[in-house]
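This report concerns only the one structure given below.
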Amino acid sequence: MVRYVYDFTEGGRDMADLLGGKGSNLAEMTRLGLPVPPGFTVTSEACRAFLETGSEPAGLWEEVSAHLAGLEASAGRSLGQPDDPLLLSVRSGAKFSMPGMMETILDIGLNDDSVLGLAKVSGNERFAWDSYRRLVQMLGSTVMGVDSSRFERSLALLKDLRGVQDDVHLTASDLAELVETYKNLIHLETGDHFPQSPAEQLRRAILAVFESWNGERARLYRRREHIADDLGTAVNVQRMVFGNLGADSGSGVAFTRDPATGRSGLYGDYLPDAQGEDVVAGIRNTVPLAELKRLDARSYDGLRTHMRTLERHYRDLCDIEFTIERGTLWMLQTRVGKRTAEAAFVLAAELADEGLITPDEALARVSGEGLARLMFPRFDASATGTALAHGVPASPGAAVGTVVFDSAQAVRRAAAGEKVVLVRQETTPDDLPGMIAAQAVLTSRGGKTSHAAVVARGMGKVCVCGAEELTVDTEARRFTAADGTVVEEGTVVSVDGSAGAVYAGSVPLVDSAVIRYLEDGRGGGGSQGVDVVDAVARALARADTVRRLEVRANADTPEDAVRARRFGAQGIGLCRTEHMFLGDRRKLVEQMILAGTDAERDRALADLLPLQRRDFVGILEAMDGLPVTIRLLDPPLHEFLPDHTELAVRIATAQARGEEPDAHDVALLGAVNRMHEENPMLGLRGVRLGLVVPGLVAMQVRAIGEAVTERLSAGGAPQAEIMVPLVGDVRELRLVRAEVQRVLAEISRAAGVVLDCPVGTMIELPRAALTAGRIAEEAEFFSFGTNDLTQTTWGFSRDDVEAEFFSAYLDKGVFSTSPFEALDREGVGRLVNIAVAEGRATRPDLKIGVCGEHGGDPDSVHFFHTAGLDYVSCSPFRVPVARLEAGRAALE
Ligand code: PEP
Ligand code: MG
């Protein structure tokens, strides 16, 4: 026989699956000997059985009745006893807290008779009738289905009639009259009478709470919080205690530490002569908890003692609800309290110092997500107004600046000392200087892995992308918000990259002390105080001790490499070489593409060579002694050519004026037309470029080899690794690798040095993952390019889908997080596992890492740890996050 009901004396905190969070904690407090009003919990299993069959599970009521009899015996009076009624509360309590999402029914046991008994024993007639009218209202709406606004309307009407503002000014006889009105209303609406039988009230209340699990509010909340729909809720039935019996009564909430900062102290609110609901509802002003000491010293001391007991027992910050009934303190709820990121770090460090938890437990209690939040300057939450627009929160943090619409303008204004926000429909590599100059980047198109997002995150720059409700008109230099607000160039806006929101005007910022510490090792002094910095430092140190995964950075400039190193990177996992082909060098790339003869092409490549070599020398120097994985050129070459329309317009304008169009323009337009691709992401890029553009691989490898030689002769310890992108078949890699080795051997011979540059490949196509055993024959290392691997596995264009339809997919529950953000373990993860297993079967010492955006995502880091990777590589600003999560993963 399944058992559906547990007395508070029978449960415990480890029974949350069955008894829910509230029920298991009430049981725990009862076991600890704290003053908890007696009661029992109906299990979530009973709820599930009810929801499955639509009817009360067999035997449930008998069990409830037996536990009720126990309650009555210990109280010495029965439920709804006419002269001195025992009254009960019925509250929901699921495994995970769902505040306010389900039903609560108080004062069960009151009826036309017992209300008189309650009036007599309490000596407070008004209190008795107010309790009764609350019950009729709650039961009437939740159990009998009358719209609660009907009750509210009756109440408002009565207040009007009596000429009073507040409920408290209604007299006992007013409230008695209201009860009659409510009962008539119920009869009118349902054809049924308000149940006078206390047992029936209880029975129907329990079932109504079960049903509220599937209420609209509750479902919506679960979807947003990723709580499973099939858990069901437990129901707690408990003796009522009253905080609204006069000045010697009251209700309050308390935290054992400050949930905002984690520091010790006294935090909470108290409301004299009130029930718990009134405290949260904010009907009257509460007083600080410290004030209770003056009002009722004995209850205050008792509360302090219980708070200490709970914190030591739970070894964590607890939040508590309590009621004082005529000078007697009752504990009504406790749970491990929610906290800010700052409080989580500080609290973990302090509890470890106090010996309540181990350093490993302290590490488990903080998170990379929290750390990321602490690293960015943020807006003062009290000062944000209505948002102009919402988009994808692509790179967190807060920034204020004047709006500009192109890169050149951004650079110009920034050079003059102005803070700017670069607004584009979407960004391209051409916008890089402007992005560097700007405080934030805002785009109306693209998702979390769009160019704007990836680059901004790499730079630790605030970014909101895919704000589709904005119409960006770069020509007219303005954007228009959904409500018609027009924002011209030069207007100040505030961009919240953590929330994905844009505000008009300047919202004040709060500085991050953590980032100052990570940048220069100095702590404290900021608005977050010295403690949070110290706490972060300790969590990171612990993570570094226990983690197995190495953490590298994605960086392609010496400056980024230096910063990444300061942030704790153990090398570069991805140095993208594409930006090295922009700016002044673009002319050379054009020459290479337009070359009519081998000699012309070789000249262009020869001009690029010393520039590339200088790039690599700088990066190898910044990362001296640590591995630097340099990826050969990846994007399609037409990305380096001017825009088709721009060229066509230039030529047509010249022709219209009767002039001869510029020959170079004409040649370029020819090349652009020739190289046009419908799906450039699936076109001539990656290793394919290396195989069809003569001399390109050789030039890049020569630049790398010569840079290594130069660093060696300068006494450095360069560790370059050469990585081939977008390989799908071992034969592609074999061909490129032969070329790489030929060039390296040549340099080696000429310079008389041994060049030890491992050659490896990205695994970023499903075919590469599925044939990894073969590919490992030619690869000394693998690095998962999970951006492209996600794109090609799902068939999702990484530049389009997030803004286009991901919100619909999220709403419909196709997935709960974008697969471009958290690795899709089931699909893409399976390919990763296959590639790891088959790659290592061929080459047991194969070094394997990941350099897609997922390398810095907390959940994905845990996956990569379990999958047996050697390292993750992410943008410099994610390095501390990845270190922390790699440590936490190792503890699991
Ligand atoms: C990837 O595809 O995951 C990757 C790192 O390469 P890119 O983002 O440059 O395509
Ligand atoms: Mg890629």
Any idea which of VAL562, VAL533 is assigned to a helix (DSSP H, G or I), within 23 Å of the chain's Cα centre (by Cα), β-branched (Val, Ile, Thr) and more than 30 Å from ASN673 (Cβ to Cβ)? VAL533
Going by the conditions given, is PHE863 closer than 27 Å to PHE796 by Cα, at pLDDT 95 or above, assigned to a helix (DSSP H, G or I) and more than 16 Å from ligand 2 (Cβ to nearest atom)? yes
Every residue in the range 761-786 that is in contact with a Gly (Cβ under 9 Å, 6 or more places away or on another chain) and part of a strand (DSSP E or B), please. MET762, ILE763, PHE781, PHE782, SER783, PHE784
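Among residues belonging to the range 843-859 that are small (Gly, Ala, Ser) and within 11 Å of ligand 1 (Cβ to nearest atom), point out the one that is surrounded by the fewest Cβ atoms within 10 Å (Cβ to Cβ).
The extreme case among them is GLY849.
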Please state which one of GLU189, GLU225 is within 35 Å of the chain's Cα centre (by Cα) and either β-branched (Val, Ile, Thr) or open to solvent by 10 Å² or more (accessible area, probe 1.4 Å) (or both). GLU225
Can GLY856 be described as modelled with pLDDT of 95 or more, more than 16 Å from ligand 2 (Cβ to nearest atom) and touching a helix residue (DSSP H, G or I) at 6+ places or on another chain (Cβ under 8 Å)? no
When the range 556-569 is checked residue by residue, the ones that are more than 16 Å from ligand 2 (Cβ to nearest atom) and of a type outside the set (S, T, N, Q) are PRO558, GLU559, ASP560, ALA561, VAL562, ARG563, ALA564, ARG565, ARG566, PHE567, GLY568, ALA569
Of the residues that sit in the range 618-641 and are open to solvent by less than 20 Å² (accessible area, probe 1.4 Å) and assigned to a loop (DSSP other than H, G, I, E, B), which one is nearest to ligand 1 (Cβ to nearest atom)? ASP634
Tell me which residues, restricted to the range 23-33, are open to solvent by 40 Å² or more (accessible area, probe 1.4 Å), assigned to a helix (DSSP H, G or I) and in contact (Cβ under 8 Å) with a residue 40 or more places away in the chain. none
Within the range 706-716, can one find any residue that is part of a helix (DSSP H, G or I) and buried (at least 24 other Cβ atoms within 10 Å of the Cβ)? yes
Say we look at the range 678-688 and pick out the residues that are within 13 Å of ligand 1 (Cβ to nearest atom) and part of a helix (DSSP H, G or I); which of these is least open to solvent (accessible area, probe 1.4 Å)? VAL687
Exactly one of GLU885, GLU838 is touching a Pro at 6+ places or on another chain (Cβ under 7 Å) and either in a helix (DSSP H, G or I) or more than 16 Å from ligand 1 (Cβ to nearest atom) (or both), and that one is GLU885
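Can you name the residue in the range 750-780 that is among the small types (Gly, Ala, Ser) and touching a residue at least 12 places away in the same chain (Cβ under 8 Å) and is also farthest from VAL724 (Cα to Cα) among such residues?
By that ranking, first place goes to ALA751.
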Is it fair to say SER264 is open to solvent by 30 Å² or more (accessible area, probe 1.4 Å) and either under 30 Å from LEU68 (Cβ atoms) or of a type in the set (Ser, Thr, Tyr) (or both)? yes
State which residue is surrounded by the most Cβ atoms within 10 Å (Cβ to Cβ) when the search covers only the range 539-568 and only residues that are of a type in the set (Gly, Ala, Ser) and away from ligand 1 (no atom under 16 Å from the Cβ). ALA539
Selection within the range 381-402 - touching a Leu at 6+ places or on another chain (Cβ under 9 Å) and either of a type in the set (A, V, I, L, M, F, W, C) or modelled with pLDDT under 80 (or both): LEU388, ALA389, ALA398, ALA399, VAL400
Tell me which residues, restricted to the range 722-742, are open to solvent by less than 30 Å² (accessible area, probe 1.4 Å) and over 22 Å from GLY752 (Cβ atoms). MET723, VAL724, PRO725, LEU726, VAL727, GLY728, ASP729, VAL730, LEU733, VAL736
Flag for PRO758 being more than 16 Å from ligand 2 (Cβ to nearest atom) and within 23 Å of SER873 (Cα to Cα): yes
Only strands (runs of 3 or more DSSP E) wholly contained in the range 34-119 count here; list those with 2 or more residues that are within 24 Å of LEU175 (Cβ to Cβ). 88-94, 104-108
Restricting attention to the range 761-782, which residues are within 14 Å of ligand 2 (Cβ to nearest atom) and acidic (Asp, Glu)? GLU764
Within 16 Å of ligand 2 (Cβ to nearest atom), of a type outside the set (Lys, Arg) and surrounded by fewer than 16 Cβ atoms within 10 Å (Cβ to Cβ): which single residue out of GLY785, GLY795, GLY813 fits that description? GLY795
Considering the range 575-610, residues that are part of a loop (DSSP other than H, G, I, E, B) and farther than 14 Å from HIS638 by Cα, and then whichever is least open to solvent (accessible area, probe 1.4 Å), we arrive at THR577
Return the only residue of ARG373, ARG412, ARG445 being closer than 30 Å to THR545 by Cβ, of a type in the set (Lys, Arg) and open to solvent by 10 Å² or more (accessible area, probe 1.4 Å). ARG373
If the Cβ limit is 6 Å and pairs must be 6+ apart or interchain, which residue in the range 781-796 that is assigned by TED's automatic domain parsing to the domain that holds ASP870 and more than 8 Å from ligand 1 (Cβ to nearest atom) pairs with which residue that is basic (Lys, Arg) and not in a helix (DSSP H, G or I)? PHE781/LYS847
Index of the failed condition, LEU295 passing every other in (1) surrounded by fewer than 21 Cβ atoms within 10 Å (Cβ to Cβ); (2) of a type in the set (A, V, I, L, M); (3) closer than 30 Å to PHE877 by Cα: (3)
Yes or no: the range 820-829 includes at least one residue that is part of a helix (DSSP H, G or I), within 15 Å of ligand 2 (Cβ to nearest atom) and either touching a residue at least 12 places away in the same chain (Cβ under 8 Å) or exposed (fewer than 15 other Cβ atoms within 10 Å of the Cβ) (or both). yes
Hey, any hits in the range 138-149 for a residue that's out of contact with any Asp or Glu (no Cβ under 6 Å at 6 or more places or on another chain), within 22 Å of PRO37 (Cα to Cα) and open to solvent by 10 Å² or more (accessible area, probe 1.4 Å)? yes
Under 8 Å by Cβ, and 6 or more places apart or on different chains, what pairs join a residue from the range 403-422 that is at pLDDT 95 or above with one that is open to solvent by 40 Å² or more (accessible area, probe 1.4 Å) and among the aliphatic types (A, V, I, L, M)? VAL403/VAL492
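The values are calculated or read from the model by the stated rules, or taken from the named source; none is laboratory data. In this text, all values refer to a predicted model and were calculated from it rather than measured experimentally. No Cβ is skipped: glycine too gets one built from the backbone with ideal geometry, and neighbour counts run over all protein chains shown. The area values use the complete protein model at the heavy-atom level, side chains included, leaving out ligands, DNA and RNA. Shrake-Rupley method; radii C 1.70, N 1.55, O 1.52, S 1.80 Å.
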